[in-house]
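The structure appears right after this line, and notes come after that.
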Amino acid sequence: MANVTLDSAAAFEDRCKKIGLEAATLTTLQDAGYKTYGALAFAVSASPQGLDDNLVASWVTRTFGDSLSGAQVAAVRRLLWESQTLAL
């Protein structure tokens, strides 16, 4: 079942909305090619242990610029964590 969710664009989009990602934040992710948990799981690091604050902050800035509110950064961080958790 996890594989279905991992590769489902619909499940990913639904979860993004449920955790409070704004439409513009979701669109930026999708435009950057992150349309599923599986795609996002390895965006920052190939290993969950490698998902440190500096790498995440750098990836967030590269992907979104400086436009995200603190709440949106937190939601993106959560989504990264959930993506890697599902991939495991």
>> Looking at residue 20 and the list (1) closer than 18 Å to residue 72 by Cα; (2) modelled with pLDDT under 95; (3) small (Gly, Ala, Ser), which single condition is not satisfied?
In response: (2)
> For the range 1-67, which helices (runs of 4 or more DSSP H) that fit wholly inside it have 1 or more residues that are surrounded by 15 or more Cβ atoms within 10 Å (Cβ to Cβ) and among the small types (Gly, Ala, Ser)?
Replying inline: 9-18, 37-41
>> Among the numbered criteria (1) crowded, with 16+ Cβ neighbours inside 10 Å; (2) among the β-branched types (Val, Ile, Thr); (3) closer than 14 Å to residue 6 by Cβ, which one does residue 85 miss?
In response: (1)
> Given 44, 60, which one is out of contact with any strand residue (DSSP E or B) (no Cβ under 9 Å at 6 or more places or on another chain), hydrophobic (A, V, I, L, M, F, W, C) and at pLDDT below 90?
Replying inline: 44
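The values are calculated or read from the model by the stated rules, or taken from the named source; none is laboratory data. In this text, all values refer to a predicted model and were calculated from it rather than measured experimentally. Cβ coordinates were reconstructed from backbone atoms using ideal geometry, including for glycine residues, and neighbour counts include every protein chain displayed.
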